[in-house]
Amino acid sequence: MRFSLAILAIAVLSSCGGGRPGTPSATGEISQACMAGGRSAANRQLCSCVQAAANQTLSTREQSRAAEFFGDPDKAQDTRTADGPSAEAFWARYRNFVTTAEAMCRS
């Protein structure tokens, strides 16, 4: 499971490519975590695009929570498997963020 969540985080970054001209640029916790995550596909344009997707789909508090996944995929696994309606609702919004980032940032 941990491996699949790490792949999910990498997929968000690598499938987004380098962004496209006209893609909104943004800075924030997600962008910073993306740049600091140590993945070879990460660059300023891509991480900015991923941040723009987060701005559209996640609250500021949810962005803080999701930013932790970049450095600690185990935390994503724990969140995904947590019981309770609030954990499930967050995970649904997080998946929407991933889908949005892939669509917005794919080159």
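Laboratory data are not the source of any read-out in this text; all were calculated from the coordinates shown. Remember, predicted model here, so these are calculated numbers, not experimental data. Glycine also receives a Cβ, built like all others from the backbone with ideal geometry; neighbour counts cover every protein chain displayed.
Apply the Karplus curve 6.51 cos²θ - 1.76 cosθ + 1.60, θ = phi - 60°, to the phi angles in the range 55-65 and return the couplings in whole Hz, x for Gly and Pro.
Karplus values, whole Hz, x for Gly and Pro: 4, 7, 10, 10, 6, 4, 5, 5, 5, 4, 5.
Please turn the phi angles of the range 96-104 into ³J(HN,Hα) values with the Karplus equation 6.51 cos²θ - 1.76 cosθ + 1.60 (θ = phi - 60°), one per residue in order, whole Hz, x for glycine and proline.
4, 4, 4, 4, 5, 4, 4, 5, 6
Rank these for me by crowding, VAL98, VAL50, going from fewest to most other beta carbons within 10 Å. Before the final figure, lay out the partial values.
Working: VAL98 20, VAL50 30.
Placing the least packed residue first, the sequence is VAL98, VAL50.
Using label points projected 7 Å from each Cα along Cα→Cβ, tell me how many nm separate THR81 and ALA36, to one decimal.
2.6
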